[in-house]
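Asks: One structure coming up, written as structure tokens, with questions to follow.
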Amino acid sequence: MVRNYKKKGTRTQEVDERSITLAVEEVIEGRLSYRKAALKYDIKTSTLESRVKKLKDAINKNGPSRTFHSKFTSQQVFSLEEEVRLNEYITNCCKMHYGLTTVQIRKLAYEYAKSLNLKYPVKWDENKMAGLEWMRKYRKRNSNLSLRKPENTSTARSFAFNKTAITEFYNNLTEVMQRHNFTADRIFNFDETGVSTVLDTPKVLAPKSQKQVGQIVSSERGELVTFGAIISASGNHIPPLFVFPRVHYKDHFLEGAPYGSIGAANRSGWINAEIFVTVLKHIQKHTLSSKEHPILLLCDNHESHISLQAITYARDNGITFVSFPPHTSHRLQPLDVGVFGPFKAKLKIAFNNWHLANPGKTISIYNIPKLVKLAYMESFNFKNIISGFAKPGIWPFNQMAFSDEDFAPIGVYTSSNLENIPPNSETNSAALGPQPSINLPSPNINVEDLLLESNTIIDESIDTRELSSPSLLQDHQDIFTEICKPSTSSAVTTTINIPITPDVIRPYPTIVRKRKSNKGRKPGKSRIYTNTPEKNELEERHKQKEIKKKEQERRARTNGVKRSLLSRPKKKKVKIMESNENSEESDKSQISLRESSLSPLDLDQDDHEDDFNKNFDATPKNIKDNSFILVKFPKKTCIIYYVGKVLCHYSPKELKVSYLRKKPGSWSFVFPDVEDIHTVYFSDIAKILPDPQPQSNSTARMSRLFTFPVNLKKFNVQ
């Protein structure tokens, strides 16, 4: 099949369609003959006659005149007006975040053509959808549509971005702007994003015949480092934050990072309230903010950002803290809008270049700062930062930054008492003509009453919401006015042709949103957290949390005491034999049983107990390299202990320790196959252990065991 038809012939002058339309009108109305109209508009008489004949045939068949994209159209299913309605429906669904795939559009086109009783290929009935060739031609005729990869948008974000929430944010922004008269260099935005050691790879060139294309990454799953960025509305930026998934932070973590960056450590790798206070101090250091010279800080209302400690520090140092509404940062936050997108794209390229330069090696969390620096210098530029603040209307301040189309997704959640009733396929094939009709009475009533009159007959294929909408009433006002003229006959009825639209065949999605329980919490919204009412509310909430925390600790201690009492072993009673022989044998048996049941740690307990308590205190001067220590780990309900060997001294307060594991059912310890090496502070060391006992006549396996001549039963050693 020829997809791109090229007209043959040497004719250079094209027919003026506007001239033909005017000539046809004059012939139909009888003002001119065929010959005179053709001479007047410089067209052929035969062409004019054929056009007039087509128009008269359409009028005689009581059908509307259907216009197409081209006069050379042959076997086209939908007219220009029908494709415009289909195009508008597809566009509206996409704006509602319920876009249609090509297969769904083909099924819709088949149902739409069938409801209009149009002529379409027989293959459509077999497949119950339009053909691929129709889809290609439709996309070519409607160039405003393109095949796109949509961004995943949660229902929470879709619902949260509404006019009420955005207006409230702009009101808060207006209030602080008028109060302090902030300039661009005093407006800042802080946000975090995760940088994993494994990122999506960029596109690469590959042969067309290759079915699967692979690209090297570090591992199946990556380790996460939190990257926190700070930008200003003037186009500048403050050195960023790195949060590493470690218990203790070391200075060498930031090797290769952007100059002036700050680092922190958290076991989860995410920011917390303490780290955010460090960020506020970092911002205050670079901006020199004070109560006399304040700044505006825009953040999301994450729990780590709205702690009482952070708000108190912000108030004391002239930092006005305004939060975005929940689940709206993808449209309002400057970093999300204009900076993080280019940053992640550049970061993927930097990761891929590192793998090419270091084949066979893997990226660790300590390589991330130097790779982030490469993407940071290219993406955190003046253009991206200014654009990030301008699009949501933060600077320059613009409350009209978002139009009604931006709030289209919220229309899905609008409830309506009227429902779209899809047309009945049996009724369509038998009773429906090319267009639906409405039989309306003729008395003098207004348009809205006419639609709601009890004796009005409305075809089931008509969308009642469309009929009651102001736009449709306005479009058909002239028709309804003509119908509602006074008539001498009360039984006269008039037929109106209303076009079927695609949303009658496939109604727009509607959701009845139910309120979720917030467990006593107030619904999230944009707030000025440095205002006094908000601070007082945070203080009250903080007090309630402290009371609840103390009550939980008290209950945990009580439960721990109960468990310890229930798990205490009962003492075994030894029967005393009457005969001396039996008593001697029993004494021997008791001694042998006692000796066998006790571990080497219980032997000479009285002799070693005092030495263990006096001579093995955990003082820094007693701790040497290669000595064994007992390290404590406080938990919520108890304290557990581990045995470790000191490898070296990091600093006067820190040690490098390799931990041992206790053998089940004994008091022997062994180094694990995978070394467990960590940093230990002197304050976490409970005792210094004596040198382990040597193993006499031991095998290679037994020589790996370490036994210490002290009683460790009173310690919960793991």
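Asks: Scan region 150-189 for residues that are part of a helix (DSSP H, G or I) and either closer than 18 Å to residue 300 by Cα or not aliphatic (A, V, I, L, M) (or both) and report the count. Steps first, please.
Replies: First, pick out the residues of region 150-189 that are part of a helix (DSSP H, G or I): 155-160, 163-180, 184-186.
Pick out the ones that are also either closer than 18 Å to residue 300 by Cα or not aliphatic (A, V, I, L, M) (or both) and you get 155-160, 163-176, 178-180, 185-186.
Total satisfying the criteria: 25.
Asks: Moving on. If we keep just the residues of region 411-441 that are open to solvent by less than 40 Å² (accessible area, probe 1.4 Å) and under 34 Å from the mean Cα position of the chain (by Cα), which is modelled with the lowest pLDDT? Give the derivation first.
Replies: Quick first cut of region 411-441, residues open to solvent by less than 40 Å² (accessible area, probe 1.4 Å) only: 411-413, 420, 423, 428, 432-433, 436, 438, 440-441.
Adding the requirement that they be under 34 Å from the mean Cα position of the chain (by Cα) leaves 411-413, 420.
Details: 411: 83, 412: 87, 413: 81, 420: 37.
Ranking the candidates gives 420 first.
Asks: Return the residues of region 149-176 that are crowded, with 16+ Cβ neighbours inside 10 Å and more than 18 Å from residue 409 (Cβ to Cβ); say none if nothing qualifies.
Replies: Those that are crowded, with 16+ Cβ neighbours inside 10 Å and more than 18 Å from residue 409 (Cβ to Cβ): 170, 172, 173, 176.
Asks: Looking only at region 225-245, how many residues end up being without any contact (Cβ under 8 Å) to a residue 60 or more places away in the chain and either closer than 22 Å to residue 388 by Cβ or open to solvent by 30 Å² or more (accessible area, probe 1.4 Å) (or both)?
Replies: Narrowing region 225-245 to residues without any contact (Cβ under 8 Å) to a residue 60 or more places away in the chain: 226, 228, 230, 234, 238-239, 241, 243.
From the residues that got through so far, the ones that are either closer than 22 Å to residue 388 by Cβ or open to solvent by 30 Å² or more (accessible area, probe 1.4 Å) (or both) too are 226, 228, 230, 234, 238-239, 241.
Qualifying residue count for the region: 7.
Asks: Condition test on residue 621, is it closer than 30 Å to residue 550 by Cα and either open to solvent by less than 30 Å² (accessible area, probe 1.4 Å) or assigned to a loop (DSSP other than H, G, I, E, B) (or both)? Lay out the reasoning, then the answer.
Replies: Details: closer than 30 Å to residue 550 by Cα: no; either open to solvent by less than 30 Å² (accessible area, probe 1.4 Å) or assigned to a loop (DSSP other than H, G, I, E, B) (or both): yes.
No.
Asks: Can you confirm whether region 203-224 contains a residue that is touching a Gly at 6+ places or on another chain (Cβ under 8 Å) and either open to solvent by less than 20 Å² (accessible area, probe 1.4 Å) or within 21 Å of residue 305 (Cα to Cα) (or both)? Spell out how you get there, then give the answer.
Replies: Keep residues of region 203-224 that are touching a Gly at 6+ places or on another chain (Cβ under 8 Å), which gives 223-224.
If we keep only those that are either open to solvent by less than 20 Å² (accessible area, probe 1.4 Å) or within 21 Å of residue 305 (Cα to Cα) (or both) as well, we get 224.
Yes, the conditions are met somewhere in region 203-224.
Asks: Now for a separate question. If you go through region 284-329, how many residues are open to solvent by less than 30 Å² (accessible area, probe 1.4 Å), closer than 21 Å to residue 399 by Cα and part of a loop (DSSP other than H, G, I, E, B)?
Replies: 3
Asks: Then there is this: If you take the residues of region 177-202 that are touching a Ser or Thr at 6+ places or on another chain (Cβ under 6 Å) and among the β-branched types (Val, Ile, Thr), which of them is least open to solvent (accessible area, probe 1.4 Å)?
Replies: Ranking the candidates gives 197 first.
Asks: Where residues in region 330-354 are under 14 Å from the mean Cα position of the chain (by Cα) and over 13 Å from residue 394 (Cα atoms), which of them is least open to solvent (accessible area, probe 1.4 Å)?
Replies: 340
Asks: Given the condition assigned to a loop (DSSP other than H, G, I, E, B), among the basic types (Lys, Arg) and without any contact (Cβ under 8 Å) to a residue 24 or more places away in the chain, answer yes or no: does some residue in region 266-281 qualify? If you could, list the steps in order and put the result at the bottom.
Replies: Initial filter on region 266-281 (assigned to a loop (DSSP other than H, G, I, E, B)): 266-272.
From what's left, among the basic types (Lys, Arg): 267.
Subsequent filtering for residues that are without any contact (Cβ under 8 Å) to a residue 24 or more places away in the chain retains 267.
Yes, that holds for at least one residue.
Asks: Continuing with this model, one more query. Only residues in region 360-378 that are over 18 Å from residue 193 (Cβ atoms) count as the first member; pair them with residues that are open to solvent by 40 Å² or more (accessible area, probe 1.4 Å) and polar (S, T, N, Q), Cβ under 7 angstrom, at least 6 apart or cross-chain, and list the lot.
Replies: These pairs meet every condition: 362/219.
Asks: Next up: Need at least 3 residues that are at pLDDT below 85 and loosely packed, with under 14 Cβ neighbours inside 10 Å per element, so show me which helices (runs of 4 or more DSSP H) inside region 1-91 make the cut, counting only ones lying wholly within it. Even if it seems obvious, please write down each step before you answer.
Replies: Working: elements: 17-28, 34-41, 45-60.
In region 1-91, the matching helices (runs of 4 or more DSSP H) lie at 45-60.
Asks: Filter region 624-645 down to the residues that are within 26 Å of residue 557 (Cα to Cα), open to solvent by 80 Å² or more (accessible area, probe 1.4 Å) and of a type in the set (Lys, Arg) and list them by number.
Replies: Within region 624-645, 635, 636 qualify.
Asks: Moving on to the next point. For region 246-278, which residues satisfy the criterion of being open to solvent by less than 20 Å² (accessible area, probe 1.4 Å) and touching a Lys or Arg at 6+ places or on another chain (Cβ under 7 Å)?
Replies: Hits for region 246-278 are 257, 258.
Asks: Is there any pair with a first residue in region 177-190 that is over 23 Å from residue 240 (Cβ atoms) and a second that is open to solvent by less than 20 Å² (accessible area, probe 1.4 Å) and not in a helix (DSSP H, G or I) whose Cβ atoms are under 7 Å apart and which are 6 or more apart or on different chains, and what are they?
Replies: 180/320
Asks: Another question, if that's okay. I'm checking my understanding of the structure. Among residues of region 529-570 that are touching a helix residue (DSSP H, G or I) at 6+ places or on another chain (Cβ under 7 Å) and part of a helix (DSSP H, G or I), which one is nearest to residue 297 (Cα to Cα)?
Replies: First, pick out the residues of region 529-570 that are touching a helix residue (DSSP H, G or I) at 6+ places or on another chain (Cβ under 7 Å): 529-530, 535, 538-539, 542.
Within this subset, residues satisfying the condition of being part of a helix (DSSP H, G or I) are 535, 538-539, 542.
On the way: 535: 16, 538: 18, 539: 21, 542: 23 Å.
Residue satisfying both the conditions and the ranking: 535.
Asks: Which one of these is loosely packed, with under 11 Cβ neighbours inside 10 Å, in contact with a Lys or Arg (Cβ under 7 Å, 6 or more places away or on another chain), without any contact (Cβ under 8 Å) to a residue 40 or more places away in the chain and part of a loop (DSSP other than H, G, I, E, B): 694, 672?
Replies: Working: 694 fails: in contact with a Lys or Arg (Cβ under 7 Å, 6 or more places away or on another chain).
Result of the check over 694, 672: 672.
Asks: Assuming residue 87 fulfils every condition listed in (1) over 31 Å from the mean Cα position of the chain (by Cα); (2) under 16 Å from residue 499 (Cα atoms) apart from one, which condition is it?
Replies: (1) is the only condition that residue 87 fails.
Rundown of residues vs (1) exposed (fewer than 13 other Cβ atoms within 10 Å of the Cβ); (2) in contact with a Lys or Arg (Cβ under 7 Å, 6 or more places away or on another chain), yes/no style:
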| position | (1), (2) |
| --- | --- |
| 650 | no, yes |
| 654 | no, no |
| 667 | no, no |
| 687 | no, no |
| 702 | yes, no |
| 708 | no, no |
| 712 | no, no |
| 716 | no, no |
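The values are calculated or read from the model by the stated rules, or taken from the named source; none is laboratory data. Owing to the predicted nature of the structure, the values given are computational and were not obtained by experimental measurement. Cβ: placed from backbone, ideal geometry, glycine included. Neighbour counts: every protein chain shown. What goes into the accessible areas is simple: the full protein's heavy atoms, side chains included, and nothing from ligands, DNA or RNA. Shrake-Rupley method; radii C 1.70, N 1.55, O 1.52, S 1.80 Å.
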